[in-house]
Amino acid sequence: MSHHASTRPPMSPRIQTINRRRVALNIAHKRDLYCDNAEFLVYHWSGKSEAFAPATGEQASSSRINIGDHNCRVDTGMPYPFVDEMPSRQKGLANTAENWAQDYRFFITHSPAVIDPCERIVGDFHWQLDEARTFRYPQEVHDLGYAARQLGAGGISFTHTCPDLSIGLKLGWGGLLSKVRANRRKFEEFGNEESASYLRAAEDIALGIMQYIRSYAEKAAQLEKAEEDAQTRGIYAEVAAVCSNIAEKAPQTLHEAIQWIQFFQIAERMHGHGNGYGRLDQLLQPFYDADIAAGRITRDEARDLVGELFLRYGNYFSLGGRNRELCDATCETSWVCLEAFDMVGGYNHLGVMWHADIDPKFWNYACDVVGRHGAGCPTLLNYELFRASELRSGYPESDAWNVSYSGCQWYCSPGNEYSDHDVNCLVLVQPMQRAIDAAIEQNAPDFEAFWKIYENEVDCTANALRDFKNATYLWQPKVWPEMVTSFCAHGPMDKGRDITDSRSVNNAFTSVNVLAVPNVSDSLYAIEQLVFAQKKYTLAQVRDAVASDWEGKESMRQEFLNTPKFGNDHEGADAMAIRVSEQVREVLESKRNIKGFCFRPSLFQFMGHTYAGPMLGATPDGRKRREPVAHGMNPMHGRNHEGMTATMRSFCKLDFSKYQGGSLQVELQPTFFPKEGRRGDLVEPFATSFFQMGGVQINLNVLSMAKLHAAMEQPDLPEHQEIVVKVTGYSAHFVVMDRKFQEEFVERVNYKTL
Amino acid sequence: MKETALLFAIHRLSTDDGPGLRNTFFLKGCALRCTWCHNPESISPQPEIWWTERKCIGARDCIAACPEEALTLTAQGLSIDRERCTGCGKCVDPCPSKAIELIGRPWTVEQLLREALAERLFFKNSGGGVTLSGGEPCLQPGFVSAFFRACQAEGIHTALDTCGFPPWKNFEQVLPHTDLVLYDIKEMNSERHQRFTGVPNEPILENLLRIRDFRTPLGRYPALWIRTPLIPGYTATAGNVTSIGRFLAENLGDRLERWELCAFNNLCGAKYAKLGSKWPLENQPLLDPDLGASLLEQARQALGRPEAVQITGLV
């Protein structure tokens, strides 16, 4: 076994050049991601657009919010130049896969090949398809969307899954195309026109992508001819050869495999926001091992290539976990990948999946890397719970073992699911507000009577969400099929059914982010104590105080605020949090989508907590209107008085195998760590203990408050421009974040000690 | 297990008071009066209250609840007549915004053990444990001894953070159940020690030598770390650090596992304000990092075992 890093490997001058370019793009706002408005962040649907973030074109929002430099594409500031030539604008838009694929093929083959000097891994893009093709559901879907929105729920259905790239790495685009053609002929022969039509569309997609990859080979060859410097010329020649090889054939070397992955990500992200891309160490291991055995590559070269992949864009990949036999899957490639991140650092979404038998040295190294870099990377994850949660939901063993961290707080069995993660939301405050009004009207005699009313209101909201989602699902494969992703999934190309369609992949749950669980449970606990048990206030007084934002009721507000809160290992407050979480889970699990799967709650919502305050009004937990709501299942800012371990104990009273994620956000001051000694030696026992207690995910930031405040004042200083933070489930450069996000971030409890 | 102690603070997952991640429990009552004391609320062995201006909304519920008429609301905020206040705590619960807090609540050994057991996973995974600090824990030796014994029975590592001044018989009670002693040597010159802390240092040095020779009934020596606070204008001098280093080298030899130099921090001014007094070192600048580095070097030379000396808290 080779030497494993224990300190940050140095960047070569070439990698430094690429790194400077990356940072410059982010700082120049070339990677910013926008959403429609605050309403979208809270409900994940605003009625304005079905797309996630079109920056230009007819669906771009004028009142957009910048949610950070969390975008794969490189913005030119210009609209897509060939909008008017899009086939759907020339020949008419139709909600069919073939019509969509014609647009996609035109779009990708009219996207430029972008190659910069020194790069051995190439590929960037400037526009998404929703900037050129209309992405709109019929009015009936919108009507149901507005109905759900009124009751406190919303969502779009778009990307946020995880393809299995091993399918494509094995077959190459030529192999994928042959498979599609064979299956198309089969369906034609047996008269299944729907599937045959889908596969004709898929042929278009594959041919478009192959042509796009060839355009990189051609561009690199041109650059090679014009280049005078021998070394740079050599790199262009190599790039030309690699791109030419993988345009049709399956990748044969590590370099080709990484380049294949980069092109897949681009081709896929061109049609939407994007996905997680699976277990990078497992995907690359066969290529790395073969290259090393054949003497084609050194370990350092391999590390630099993976580092370049990270520098192109830090997508959601995972390392570690268990293999098919449930033994530790950590391998030499895991080390190479983690060392590659340690080398390049910065913006990235890599996760390391802990389990009870993980190579302890690798785990300690992962903990040390996040401790040193301090920007939530790698995210520390509990593989045991991921797998348990998938098995509990009903995934077959053969799908569940391969589970991979795939996004902010969610995880997928790569290629085996389309579970509509991350962009559906249920805002629990609204059913609670309706329950308070109804309980006053019905004169609820005790807390249990009030609770029954509350249960009913949650059910109402969940029904509205179910109806909205089901109407969306009926149309989704026609309006916006996710055809590139479908190539690397188990099912779609065999069945001629898009990954978003029913009867396509094995698992198709509907995941729902539940917003403000801690606020609602703290509110209900205060109501139970002060209204029903102690009878200090009536429910009508609570309603009026909250409606007036506690105006003139400071003493009363303090009593509600100082009733015990979730996150302090307090028996009563935590029991209410469990009751509230379990109730919404049971309600959601009782709903079925038209694909035959249930709804699943995630105790997380990525950004709505920041903007939700004024939209939802004050709450009976003593929260004023202008204050944010709690971030995911984390206790409200400043309400965990008993230290981090008490918060962790409160957290772990929940059985996270029953939920689709719920991350613990930890912000530490650098002074927590003694000057001497490895940071990993403190992070590791902390994280291991949390996972042994049943925690599922830790986002760890190590940052100095003083430095963040200084960065808000002087965002132009180079040392401030490089600060990356794990905002929620995703990372961003601090200085490019929206001011409101910055303010919320620095308000969080920042632990000098745990 | 009827022993109780007055506890005024718990630091969880501390990395400052011994190896690994630890729970540090702070006991009330101290015999020393260090000018720079960072825990002024620890000194009195009685319960006290303190008041946080920022949290107060002027509800006056505390004033009505006080049986001693010790509280008045003035233009400057709540005034606490400390002569009258008995620390009964009756004003604490009525305050809607929790601006008044009681410092010092009685804990039984069982209660504190439950607190420690809740975090034993962290201790086990990090090689940590519990630390009793203060104040001076050895002023309540019966409790310390019973608590440490209970911890050891559960396999939890025990550390005692002491100023070394209590009578030797107190240590004799505690040491059999102590895995690690964190022992303060603040100042080598006894006259200066007296001036800074209110007591001479001879009893402290004598106790240290006895601890050096102490073996548990099972023949085990507790591990020994020495800690020296580096207070600018007081203890942070080359002469002091060198004399302590030589003393340790001559007298402790290999029994000394680690010597920590703890750089002055200024984070406790607010505590004095909440107790209605003023911290004498309020305007004292932090230890200059260059001075810190040179004191570390001198300490290492004087001890002759550079690897055993560390400095903490430098900014």
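The values are calculated or read from the model by the stated rules, or taken from the named source; none is laboratory data. The structure displayed is predicted, hence computed values, not measured ones. Please note: Cβ atoms are built from the backbone with ideal geometry, for glycine as well, and neighbour counts cover all protein chains shown. Please note that ligands, DNA and RNA were not included when accessible areas were found on the heavy atoms of the full protein model with its side chains. Shrake-Rupley method; radii C 1.70, N 1.55, O 1.52, S 1.80 Å.
Quick notes on this one:
- Nearest-0.05 FRET efficiency for A:Ala24 and A:Ala290, computed from C-beta distance (R0 45 Å): 0.80
- Förster-model FRET efficiency, 45 Å R0, B:Arg195 and A:Glu551, C-beta, rounded to 0.05: 0.20
- Two-site label geometry, B:His38 and A:Gln16: point separation in nm, points 7 Å out along Cα→Cβ: 3.9 nm
- Computed over protein heavy atoms with a 1.4 Å probe, the accessible surface of the stretch B:48-103 works out to 57 Å² per residue.
- Options A:Gly596, B:Thr72, B:Ala293, ranked by Cα towards positive dipole end of the protein assembly as shown, top entry (Cβ charges): B:Thr72
- Whole-Å distance, taken between Cα centres, linking the stretch B:212-249 and the stretch A:555-600: 52 Å
- Solvent-accessible area lost in complex, 30 Å² minimum, residues of the stretch A:610-658 relative to chain alone, 1.4 Å: A:Glu642, A:Thr645, A:Arg649
- Here's the picture: charge each Lys and Arg Cβ at +1 and each Asp and Glu Cβ at -1 in chain A, and of A:Gln409, A:His349, A:Asn37 the one pushed furthest to the positive end of that dipole is A:Asn37.
- Karplus-derived 3J(HN,Hα) values for the stretch A:594-600, using 6.51 cos²θ - 1.76 cosθ + 1.60 with θ = phi - 60°, are 6, 8, x, 10, 8, 8, 10 Hz; glycine and proline are entered as x.
- Complex-versus-alone comparison for the stretch B:91-111, residues with a loss of 10 Å² or more in accessible area, probe 1.4 Å: B:Pro96, B:Ser97, B:Lys98
- In plain terms, the chain from A:Lys452 to A:Ser63 could stretch by 136.0 nm, reckoned as 0.36 nm per residue minus the Cα-Cα distance.
- Applying a DSSP loop filter and a limit of 15 other Cβ atoms within 10 Å to the trypsin sites (Lys or Arg not before Pro) in the stretch A:504-595 leaves A:Lys535, A:Lys536.
- Heavy-atom accessible surface of chain A: percent carbon and sulfur, 1.4 Å: 50 percent
- Above-threshold pairs, the threshold being 19 Å between Cα atoms, out of A:Lys707/A:Lys740; A:Lys565/B:Lys28; A:Lys565/B:Lys2; A:Lys186/A:Lys495; A:Lys536/A:Lys653; A:Lys179/A:Lys478: A:Lys565/B:Lys28; A:Lys565/B:Lys2; A:Lys536/A:Lys653; A:Lys179/A:Lys478
- Delta accessible area of at least 20 Å² on complex formation, residues of the stretch B:20-60, 1.4 Å probe, chain isolated as reference: B:Leu21, B:Ile57
- Note that the stretch B:184-315 presents 47 Å² accessible area per residue, ligands and nucleic acids not counted, probe 1.4 Å.
- All aspartates and glutamates inside 18 Å of A:Lys219 as judged from Cα atoms, apart from same-chain residues fewer than 8 positions distant: A:Asp116, A:Glu119, A:Asp124, A:Glu227, A:Glu228, A:Asp229, A:Glu238, A:Glu248, A:Glu256
- Under the combined filter of DSSP loop state and at most 12 neighbouring Cβ atoms within 10 Å, the stretch A:321-421 retains these trypsin sites (Lys or Arg not before Pro): A:Arg324.
- Per residue, in Å², the accessible surface of chain A once ligands and nucleic acids are set aside, probe 1.4 Å: 32 Å²
- Within the stretch B:256-300, backbone nitrogen closer than 14 Å to the virtual label 7 Å beyond the Cα of B:Glu53 toward Cβ: B:269-279
- Highest-fluctuation residue, B:Gly304, B:Gly219, B:Gly276 considered, GNM on chain B with Cα pairs under 10 Å: B:Gly219
- The loop-placed GluC sites (Glu not before Pro) in the stretch B:71-124, going by DSSP, that have at most 10 neighbouring Cβ atoms within 10 Å of their Cβ come out as B:Glu83.
- 3J(HN,Hα) along the stretch A:158-173: 6, 6, 6, 10, 8, x, 9, 5, 5, 4, x, 4, 7, 9, x, 5 Hz, from the Karplus curve 6.51 cos²θ - 1.76 cosθ + 1.60 with θ = phi - 60°, whole Hz, x for Gly and Pro.
- With a simple spin-label model that places each label point 7 Å from the Cα along the Cα-to-Cβ direction, the separation between B:Ala118 and A:Asp300 comes to 5.2 nm.
- Counting only residues at least eight positions apart within a chain, or on another chain, the lysines with an alpha carbon under 20 Å from that of A:Lys591 are A:Lys452, A:Lys469, A:Lys658.
- Global geometry of the stretch B:48-103, whether rounded, prolate or oblate, following the gyration tensor of its Cα atoms and the 1.5 cut on a/c: rounded
- Shape category assigned to the stretch B:92-227 from the gyration tensor of Cα positions, a/c cut at 1.5: oblate
- With all protein chains in place and a 1.4 Å probe, the accessible surface of the stretch B:48-103 carries 45 percent carbon and sulfur.
- Label zone at A:Asp84 (point 7 Å along Cα-to-Cβ), backbone N below 20 Å, the stretch A:20-59: A:56-59
- Sequence-distant residues sharing a close amide H with B:Val181 (under 5 Å, placed H): B:Leu160, B:Ala223, B:Leu224, B:Trp225
- Rounded to whole numbers, the Karplus 3J(HN,Hα) couplings from phi for the stretch A:577-584 are 4, 5, 4, 5, 5, 5, 5, 5 Hz, using 6.51 cos²θ - 1.76 cosθ + 1.60 with θ = phi - 60°, and x at Gly and Pro.
- Using a Förster distance of 60 Å, the FRET efficiency for A:Arg233-A:Ser398 (Cβ separation, nearest 0.05): 0.80
- Residue (of A:Gln265, A:Ala706, A:Ile156) at the positive-pole extreme of chain A, dipole from beta-carbon charges: A:Ile156
- Only Lys, Arg (+1) and Asp, Glu (-1) charged, at Cβ; chain B dipole about Cα centre in debye: 320 debye
- Spin-label pair B:Glu154-A:Leu326: with each label point 7 Å from Cα along the Cα-Cβ axis, the two points sit 3.2 nm from one another.
- A Cα-only calculation for the protein assembly as shown places Rg and Dmax at 31.7, 104 Å.
- Candidate aspartates and glutamates - alpha carbon under 18 Å from B:Lys186, same-chain residues fewer than 8 apart omitted: B:Asp16, B:Asp17, B:Glu136, B:Asp161, B:Glu202, B:Glu206, B:Glu250, B:Glu257, B:Glu260, B:Glu297
- Buried solvent-accessible surface, both chains (B, A), 1.4 Å probe, Å² to nearest 100: 1900 Å²
- Cα centre as origin, Lys/Arg/Asp/Glu Cβ charges: the protein assembly as shown dipole, Debye: 720 debye
- Check: the stretch B:48-103 dipole with +1 on Lys, Arg Cβ and -1 on Asp, Glu Cβ, in debye: 200 debye
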